[in-house]
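Quick note: the coordinates plus some simple rules give every number you see, no bench work behind them. A quick note: this is a predicted structure, and the numbers were derived from the prediction, not measured. Cβ atoms come from the backbone with ideal geometry, glycine included; neighbour counts cover every protein chain shown.
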Amino acid sequence: MVWMQLFTPANIVAALLTLIPYLAVALFPTAVAARIRALPLWAQLTSPVLLCIPYVLVACSAGVFHWQWLDLYAALPVAIAILLWQASYIDTGQCGNWRDFLVLAVLGLSIDLRWFEAAWPQHLAIFNKILLLDAGIYGFVLIRQLDGTGFDLRLRLKDLGIGLREVFFYIPIALPLGLGLGFLHAHRVWPGLGSIAAAWLFTFFFVAVPEELFFRGWLQNLLEKRMGRYGALFLTACLFGLAHFNKRTTSFNWRYVLLAALAGIFYGRAWRQQRRVGASAVTHATADAIWSLWLR
């Protein structure tokens with residue numbers, strides 16, 4: 001019954017409208033960027049208001065619509081576009097302007113602290129995460145035109161090779177540490193190949209890519225120009241670890257923070273080799289899938 005309530009026509013249309021911007025830029029970056037840049041400036045900066053439509057569809061269908069949430073999902077993406085348009089003119093060297101870091105702070109904290117999840121029906125808060133991701137993609141990739149992001153999900157064999165290599169480097173360190181800390185728990189059950197593939201694909205598109213784009217494609221990318229490769233790698237890894245402080249607990253989960261920060265080093269290494277989110281997302285999705293299927 002719950003699943004029937006989730007897969008309503010309104011929710012399906014909303015899901016498509018939410019995923020289309022994300023996947024269009026990831027798979028056809030040049031074509032989408034050209035279409036956006038062909039628009040008048042006012043249209044470029046106000047087009048993200050359309051991101052409020054999925055909220056309207058889902059909330060009205062579930063009977064939880066509130067005007068203040070509509071105002072938020074209409075105004076925030078536009079504000080992000082305007083701030084990053086200003087940053088593109090002020091910070092032509094792309095060394096990171098306060099506007100960049102303000103946008104990253106708002107996006108990161110709102111997702112990590114679940115500021116806006118009350119707007120959504122139960123089990124549908126993932127809409128919030130992907131809509132905010134869409135707003136960030138529009139601002140950083142299409143308006144700011146941040147170099148070196150590497151948001152291209154047309155995976156190459158090299159992406160797979162780099163991504164899997166970093167998993168093999170990470171596991172021999174994380175496995176004994178996680179088992180010793182009592183964070184990891186080995187399971188003897190072997191799930192079917194369908195379950196393994198489904199877990200990996202879901203994690204890749206809805207966990208790994210959004211987080212890798214945020215932490216590596218945007219944050220580590222900007223920090224490198226201020227702190228250098230190693231400083232940016234380790235600071236981003238620490239912030240990535242801290243973003244997991246409230247996962248699976250109501251208190252500060254220091255074990256999760258430690259293991260996630262360690263993972264962040266290998267994710268960051270995978271991204272920076274070719275500056276491609278796809279490579280680090282392979283590392284991230286594989287590590288998370290192994291954890292969720294055999295070690296959680």
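Our estimate of slack between Trp42 and Thr8, defined as 0.36 nm per intervening residue step minus the Cα-Cα distance, is 8.8 nm. Partners of Lys129 within straight-line reach, counting lysines whose Cα lies under 24 Å from its Cα and excluding those fewer than 8 residues away in the same chain: Lys247.
Note on the chain: Kirkwood radius taken over Cα pairs, Stokes-Einstein applied at 4 °C and 1.567 mPa s, translational D equal to 65 µm² s⁻¹. Among Ile20, Ile126, the order by Cβ neighbours within 10 angstrom, fewest to most, reads Ile20, Ile126. For a straight C-alpha distance cut-off of 16 angstrom, the aspartates and glutamates reachable from Lys225 (same-chain residues fewer than eight places away being disregarded) are Asp91, Asp100, Asp147. For the stretch 246-296, chymotrypsin sites (Phe, Trp or Tyr not before Pro) are listed when DSSP marks them as loop and at most 12 other Cβ atoms sit within 10 Å of their Cβ; the list is Phe252.
Where in the stretch 210-247 are there chymotrypsin sites (Phe, Trp or Tyr not before Pro) that are in a DSSP coil and have at most 15 other Cβ atoms within 10 angstrom of their Cβ? Passing both the DSSP loop test and the Cβ count: Phe245.
Using a Förster radius of 35 Å, what is the FRET efficiency between Leu293 and Asp147 based on their Cβ-Cβ separation? Nearest 0.05, please. Kindly include the intermediate steps, with their values, before the conclusion.
Values: r = 37 Å, r/R0 = 1.05.
Efficiency for this residue pair is about 0.45.
For Ser251 and Leu50, a Förster radius of 45 Å and the Cβ-Cβ distance give a FRET efficiency of 0.70, rounded to the nearest 0.05. Estimated purely from DSSP H runs of n ≥ 4, each contributing -39500 (n - 2.57), the mean residue ellipticity at 222 nm for the chain is -21500 deg cm²/dmol once divided by its residues. Taking trypsin sites (Lys or Arg not before Pro) across the stretch 44-153, none is in a DSSP loop with at most 12 further Cβ atoms lying within 10 angstrom of its Cβ.
Label sites at Tyr89 and Leu160, each approximated as a point 7 angstrom past Cα along Cα to Cβ, lie 4.6 nm apart. Counted by neighbouring Cβ atoms within 10 Å, the residues Thr286, Thr30 run from fewest to most as Thr30, Thr286.
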